[in-house]
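Okay, so here's the structure we're looking at.
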Amino acid sequence: MNPTHKVIWAGGEQFVGSTASGHSLVIDGHRQVAASPMELMLLSAASCACIDVVMILQKARQKIVDVWVEISGQRREEMPKYYTAVHMHFVVKGTGVGKTHVERAIQLAMDKYCSASAQVAALAKITTDYEIVEADSR
């Protein structure tokens, strides 16, 4: 296994993470100037699942104009304070988007494709729900 990512201490509880693909981001243990590692973990799971949902809905030729996921998590009181429960609320905005397509896309994302969610699910129970918002047809 080759080290391909790097995290460098920037002082205080701030760090700069760099990926093998050349992207960087600030990480903050106190959440004063950037997201914390645990917040990034939730964002990773949500973004991974959302990417998969969008791709699946596009492949199903659903007329989507916007998709997002709101994610929240509950952590243990004792150390290590990992997530024990996570909830994802998907919102799909489009024209004539089918309920069965959205349900299938979420199920496939969560059960088959999304690696980040699968990683979180190793320690946390993940629940999902969704809503479909009809876009203006103007």
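Zone of Lys112 (label point 7 Å along Cα→Cβ, backbone N under 14 Å): which residues in region 56-96?
Hits in region 56-96 for Lys112 at 14 Å: 56-60.
Among all the aspartates and glutamates, which ones have a C-alpha under 19 Å from Lys81's C-alpha, if same-chain residues fewer than 8 places away are not counted?
Glu13, Asp28, Glu39
I need to check one value: relative contact order of the chain, counting alpha carbon pairs closer than 8 Å and at least 6 residues apart, in percent.
Value for the chain: 21 percent.
Which lysines, on any chain, are close to Lys59 with Cα under 30 Å apart, when same-chain ones fewer than 8 places away are left out?
Lys93, Lys99, Lys112, Lys125
Report the one residue of Leu43, Val120, Thr95 whose Cα lies farthest in the direction of the positive end of the charge dipole of the chain (charges on C-beta: Lys and Arg +1, Asp and Glu -1; origin at the Cα centre).
Toward the positive end, the furthest listed residue is Thr95.
Taking Cα atoms, how many degrees apart are the long axis of helix 37-59 and the longest axis of the chain, rounded to 10 and kept between 0 and 90?
Approximately 30 degrees, to the nearest ten.
Mind listing P(r) for the chain? All alpha-carbon pairs, 5 Å bins, whole percents.
2, 10, 17, 17, 16, 15, 11, 7, 4, 1, 0
Return one number: the angle in degrees, 0 to 90 and rounded to the nearest 10, between the long axis of the Cα atoms of helix 99-108 and the longest principal axis of the Cα atoms of the chain.
Helix 99-108 sits roughly 30 degrees off the main axis of the chain.
So for region 46-105, what percent of the C-alpha to C-alpha distances run longer than 13 Å?
For region 46-105, the fraction of Cα-Cα distances above 13 Å is 63 percent.
Where a number appears in this text, it was derived from the coordinates with a stated rule and is not lab data. Keep in mind that this is a model prediction, so the values were computed, not measured. Glycine gets a Cβ as well: all are built from the backbone with ideal geometry, and neighbour counts include every protein chain shown.
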